[in-house]
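Each remark here refers to the structure printed beneath this line.
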Amino acid sequence: MVADLFRDSTVGQIVNYVSNGRLLPYPEQRRGYVVPKHYLLPAQLSDSLNGTPVASDAATLCDPKTPNTHLKRESTLVEDLEKNIIDEKTIPDPYLVDWEGDSDPENPRNWTFKKRAFTAFCISFLTFSIYIGSAIYTSSIPGLMVEYNVSLTKATLGLTLYVVGYGLGPMFLSPLQELPLLGRNPVYMAGLLLFVIFQIPIVKATNMNTVLAMRFFTGFFGSPALATGGASMADIFPGSQLAYVLGVWALGAVAGPITGPVIGGFAAQAKSWRWPMMELIWITSFAVVFLSIFLPETYEPTILLRRAERLRKLTGNRNIRTAAEREQESKKATDIAYEALIRPVILSKEPALAFASIYLGFVYGLFYLWFEAFPLVFTDIYHFNLGVSSLPFLGFIVTGTLTYTVYCLYQKYHIAPRVDRIEAANLKVAPEIRLEIGLMASIFIPASILIFGFASRSTVHWIVPVIGASLYLPGIFLVFQSILMYVSTAYEDHAASVLAGNDLFRSTIASVFPLFGRAFFVNLGLGPGSALLAGISFVLMPVYWLLLKYGHVLRQRSKYASTP
């Protein structure tokens, strides 16, 4: 498993290419590999009758000094030629490269469980490394205000621009991952490397404008991990297990903003505002090295394309192609640009998707609003120092662990049996069932806001607002899971465009909240301000229920949605 991981990683691919397959070889590059006959041209076998090396023997093709003992007998060659002709008649497209049966070990779905689990960990770590960059910045805000004499709003722009950057980035970078020529890893690793590089000017900055510009670029180039990490999980796990692994990936995403202030708070207090940014460089630099060595390519069209390239080199047959290659050859550049840039915007206007984007944007924005409310509560009211005031964020980890456990039990004992019964009756599972748990969990959002807002006073022990804030995690986690699973299955033919558009609009809405967070709570008060936000949450819940109840009607009227 380790050798395969290294071979399929970014570094392993470079080693394989530079050594021309001698190091970390694939089966097609090893001596003794026999090319499937349907990939060979009839002329290649007929030429062997005249003493030319047999095309179906990879060792012979790769070694021109192979002795004549490797040549087949004439009668056998005739049989091979006849078999190849039969293959062309019985196989609809004999030169189409696909998986060699249902158990092909190169198929990511057929990897061992250990390999898939380790790959899932790598993807989650990649997502965590980028997401932690958003909230870790909040620890630097007080120092930035002092050193550059800027207002709180301008200093907070560093968080806003980062969120905008990773909302806008997928519109341009994620479609590159759908190109078989590139796949997931080159975009992931190039983006992560640029993420590290653009952090350096922040640490060395001599003015606030440099900090703000670089924060946008880091969010932009780190965005593919945040937008398509779930798609990478879907590459390696079947649909029946996808909900569980997406939950793990989502926990990695949530853990980033939660642990960011904790890691950065003590560093900023002990040193300066630059130290949280340096910690981010250390974390992401380690991620670059670790993932370059161990994160394998998971995108099936890319894996098949590389197999096709090896077979073309081995046989000399230029007609060997993958389905993705032929599809790309038939598309115009304008069609590709449309799918990448225009379709996500058009799909976002769909009523169901518009509500999903607005609702998630609101929930997401409230989550970032905590970063402005926590200092007001734990620094101003309870008089915690900068480092200790970030520790209440750890309460989210406790409720997150419990929430994921409940989510897995819900999937196993409630959703899975229902799906089995529906499919046993030869019916299609309605995507709306994914929304049920989100609707139930949405009550945690206003409840959490109200407890946090009205319990945050010096006469109440600090543990009460910590518990109140921690109750927000079940709401945001389960709402995210239910809505993203819903839109992915309801618009499965355009899932990439749907997720990219959702990420853009969600992040754009959420990025605004931190800018007015402190002024909002200071002017209205923690209690009344929380009551207003909770009221908006209550108003949105009936709309959520309407989507659950009548979502199938909206899908029937849409030309993009999947049929019920």
When both residues are 6+ apart or on different chains and their Cβ atoms are under 7 Å apart, which pairs have a first residue that lies in region 227-239 and is farther than 21 Å from LEU5 by Cβ, and a second that is part of a helix (DSSP H, G or I) and among the hydroxyl-bearing types (Ser, Thr, Tyr)? ALA227/SER174
Out of all the residues in region 362-370, is one or more within 29 Å of the chain's Cα centre (by Cα), modelled with pLDDT of 85 or more and at negative phi? yes
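Per-residue answers, yes or no, for (1) assigned to a loop (DSSP other than H, G, I, E, B); (2) among the small types (Gly, Ala, Ser); (3) more than 24 Å from VAL196 (Cα to Cα):
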| position | (1), (2), (3) |
| --- | --- |
| TRP275 | no, no, no |
| LEU280 | no, no, no |
| SER285 | no, yes, no |
| VAL289 | no, no, no |
| SER292 | no, yes, no |
| LEU305 | no, no, yes |
| ALA308 | no, yes, yes |
| LEU314 | no, no, yes |
| ASN319 | yes, no, yes |
Residue that is nearest to ALA447 (Cα to Cα) [pool: residues in region 529-547 that are surrounded by 19 or more Cβ atoms within 10 Å (Cβ to Cβ) and aliphatic (A, V, I, L, M)]: ALA534
Scope region 242-260; condition modelled with pLDDT of 85 or more and over 16 Å from the mean Cα position of the chain (by Cα); matching residues: THR259, GLY260
Take region 183-192 and flag every residue that is crowded, with 17+ Cβ neighbours inside 10 Å and either assigned to a helix (DSSP H, G or I) or of a type in the set (A, V, I, L, M, F, W, C) (or both). ARG184, ASN185, PRO186, VAL187, TYR188, MET189, GLY191, LEU192
When residues of region 197-231 are limited to those that are under 19 Å from the mean Cα position of the chain (by Cα) and more than 30 Å from GLU327 (Cβ to Cβ), the one surrounded by the fewest Cβ atoms within 10 Å (Cβ to Cβ): PHE217
Considering (1) in a helix (DSSP H, G or I); (2) without any contact (Cβ under 8 Å) to a residue 24 or more places away in the chain, say which one LYS559 fails and leave the rest. (1)
The one condition PHE290 fails out of (1) modelled with pLDDT of 95 or more; (2) closer than 28 Å to GLU100 by Cβ is (2)
With LEU473, LEU427, LEU484, LEU450 as the choices, which residue is part of a helix (DSSP H, G or I) and either small (Gly, Ala, Ser) or closer than 26 Å to GLN556 by Cα (or both)? LEU484
Does region 176-193 contain at least one residue that is of a type in the set (Val, Ile, Thr) and touching a Gly at 6+ places or on another chain (Cβ under 7 Å)? no
Do you know which residues across region 307-330 are under 16 Å from GLU178 (Cβ atoms) and buried (at least 20 other Cβ atoms within 10 Å of the Cβ)? THR322, ALA324
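Yes or no, residue by residue, for (1) outside the structural domain of VAL553 (by TED's automatic domain parsing); (2) more than 20 Å from SER232 (Cβ to Cβ); (3) within 15 Å of the chain's Cα centre (by Cα); (4) touching a residue at least 40 places away in the same chain (Cβ under 8 Å):
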residue: LEU473; (1), (2), (3), (4): no, yes, no, yes
residue: PHE477; (1), (2), (3), (4): no, no, no, yes
residue: GLN481; (1), (2), (3), (4): no, no, yes, yes
residue: ALA490; (1), (2), (3), (4): no, yes, no, yes
residue: SER497; (1), (2), (3), (4): no, no, yes, yes
residue: LEU504; (1), (2), (3), (4): no, no, yes, yes
Failed item, numbered, when PRO105 is tested on (1) at pLDDT 50 or above; (2) in a helix (DSSP H, G or I); (3) surrounded by fewer than 20 Cβ atoms within 10 Å (Cβ to Cβ): (2)
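The values are calculated or read from the model by the stated rules, or taken from the named source; none is laboratory data. Not measured: the values here are computed from a predicted model. In this analysis, Cβ positions are derived from the backbone assuming ideal geometry, glycine residues included, and neighbour counts consider all displayed protein chains.
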